[in-house]
Amino acid sequence: MTWRYRVPGRVELAGKHTDYAGGPSLTCATPFHMHAKAHAIPERRLRVYDQRSKTTMDVPLAPDAAPAGPRSSVYVAAVARRIARDFSSARTGVAFSLGSTIPTSMGMSSSSALVITLALGVFDANALWSAAEWAPVTDDPLAFAQYCAAMESGAPWGPFAGDTGVGTRGGAQDHIAICASEERAVGMYAYLPGRVLRRVPWPDSWRIVVATSGVKATKTGNAMGAYNRVADSVRALVDVWNADTGRSDATLGEVMNAAPDAYDHLRTLVPRAVRAEISADYLSARVQQYREETAVIVPGMAEAIARVDAPAMAELMQRSQEMAEHALQNQVPQTVWLAQHARECGAVAATAFGAGFGGAVWALADAAEEERVAERWMQAYRDASGFAGGHHESARVMVPAAGMWRSA
């Protein structure tokens, strides 16, 4: 039997670094997707052929699976290792042939799309949907997405213990967007646990223009340490809060909801959360960014989309970008330039998205101006001093697309 999958990328419209902290975000799937064929093989292995690079990754479907070959084999090994540990019946190997139209290393989460594609193949080939280990979570419509997120990050989830994952300490935002998005709609989701808060139809008169900076942001490579610093700051704050209050809150979101004065109380604890690589100033700014992004930016943008209110979107997108630059400190000169100059090129506003430290920026544009905005934005970027030359910068126009699709 051959299984076929179409697994999209995603764009994070609002909610920068909020998901693993227990806060909401606003996302959609992209029309750019990974497409794959998979079939069972006699060997207990995952054999993955990449049509773009013409390379094959081959790792055992075993609890000690290790990367072998290209950098992306770390994701293949994480899936193989985690599923082999969690499911006693995962004994059938799978061969994959993968193609993709998702631009790599630009923030559309091609890595999470890969994890989901591989996990789908192993689940289908081994009938894990009906496995005893999966029974406790079958009633959760977002279970598979959250499990894929746990495979990638190494976190425990549901009845399953954690492991090393791929080395980055992220959340389930990407996986839920990829699995649960609806066509021409954006989703407002909460995490830990994952749940749908709201779906908002995307206005026919609006387009999303995504511009890649050309600066690669590889979470398991050059950007991993910086990315984990942003995540670790949240965990440090939660740890000192629990030590001071005697509580056992798991996320910054739980902390903020623990008491009416939780925000002010937490700010007094910032000096105790300082680490060698995390300063008090950074922690204070991080708390403020999380609070404003989750309480103002995310719900405000959802409402602005519902009202087709472009001025409100512009104000919220600009504020989110300012906090990314000054609080998260996860921007590079190229993404700052793209966000600052999009309006000069005809966009309503623009803001970076994804893990940061490179990657892409999304702009809101009128449908009648979409191509002109994309062309002017990219040309201006290429003409800007210091940003030209050989980095594969590009712009894509899109509307929100449907989530993953599978067939046998």
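What follows is calculated from the coordinates using simple rules that are stated; it is not laboratory data. Owing to the predicted nature of the structure, the values given are computational and were not obtained by experimental measurement. Methodologically, a virtual Cβ is constructed for each residue, glycine included, from the backbone with ideal geometry; neighbour enumeration extends over all protein chains shown.
Here the stretch 131-284 is assigned +1 on the Cβ of each Lys and Arg and -1 on the Cβ of each Asp and Glu. Its dipole about the Cα centre then comes out at about 420 debye. Compared with the direct C-alpha span, the chain from Arg44 to Asp139 gains 31.3 nm at full extension, assuming 0.36 nm per residue.
Over the stretch 188-277, the reciprocal of the mean inverse Cα-Cα separation, the Kirkwood hydrodynamic radius, stands at 16.4 Å. Computed over the stretch 296-408, the alpha-carbon pair-distance distribution with 5 angstrom bins reads 2, 11, 20, 22, 21, 13, 6, 3, 1, 0, 0, each value a whole percent. Take the Kirkwood radius over Cα pairs of the stretch 237-314, plug it into Stokes-Einstein at 25 °C and 0.890 mPa s, and you get 177 µm²/s for translational diffusion. Note on the stretch 2-202: with charges restricted to the Cβ of Lys and Arg (+1) and Asp and Glu (-1), its dipole about the Cα centre is near 420 debye. Remark: Met1, Met378 ranked as Met1, Met378, counting other beta-carbon atoms within 10 Å and listing the fewest first. The alpha-carbon atoms of the stretch 79-156, seen along their principal axes, cover 38, 26, 20 angstrom, with the largest extent given first.
Report, in cubic angstrom per residue, the convex hull volume of the C-alpha atoms of the stretch 161-318. Provide the component values of the computation, followed by the final result.
Working: hull volume 25.5 nm³, N = 158.
Value for the stretch 161-318: 161 Å³ per residue.
For the stretch 95-199, trypsin sites (Lys or Arg not before Pro) are listed when DSSP marks them as loop and at most 15 other Cβ atoms sit within 10 Å of their Cβ; the list is Arg184. Mind checking which of Tyr282, Val298, Phe160 is farthest towards the positive end of the chain's charge dipole, using Cβ charges of +1 (Lys, Arg) and -1 (Asp, Glu) about the Cα centre? The one lying farthest along the dipole's positive direction is Phe160. Residues Thr294, Thr101, Thr335, Thr2, ranked from the fewest to the most other C-beta atoms within 10 Å, line up as Thr2, Thr101, Thr294, Thr335.
Quick one: compute a quarter of the convex hull surface over the Cα atoms of the stretch 224-282 and quote it in nm².
That works out to 3.9 nm².
P(r) tail for the stretch 2-202: Cα pairs beyond 22 Å make up 43% of the total.
Provide, for q = 0.10 Å⁻¹, the log10 of I(q)/I(0) from a solvent-free Debye sum over equal Cα point scatterers in the chain. Scattering profile of the chain, log10 relative to I(0): -0.65. Given their separation in residues at 0.36 nm each and the Cα-Cα distance between them, Arg184 and Gln288 gain 34.2 nm when the chain is fully extended. Each principal axis of the stretch 89-237 carries a Cα extent, and these read 46, 39, 38 Å when sorted largest first.
The distance from the alpha carbon centre of the stretch 244-298 to that of the stretch 77-120 is 34 Å, rounded to a whole number. Among Lys54, Lys37, the order by Cβ neighbours within 10 angstrom, fewest to most, reads Lys54, Lys37. Report the residues of the stretch 286-313 in range of a label on His326: point 7 Å along Cα→C-beta, backbone N strictly under 13 Å from it. Within reach of a label on His326: 286, 288-289.
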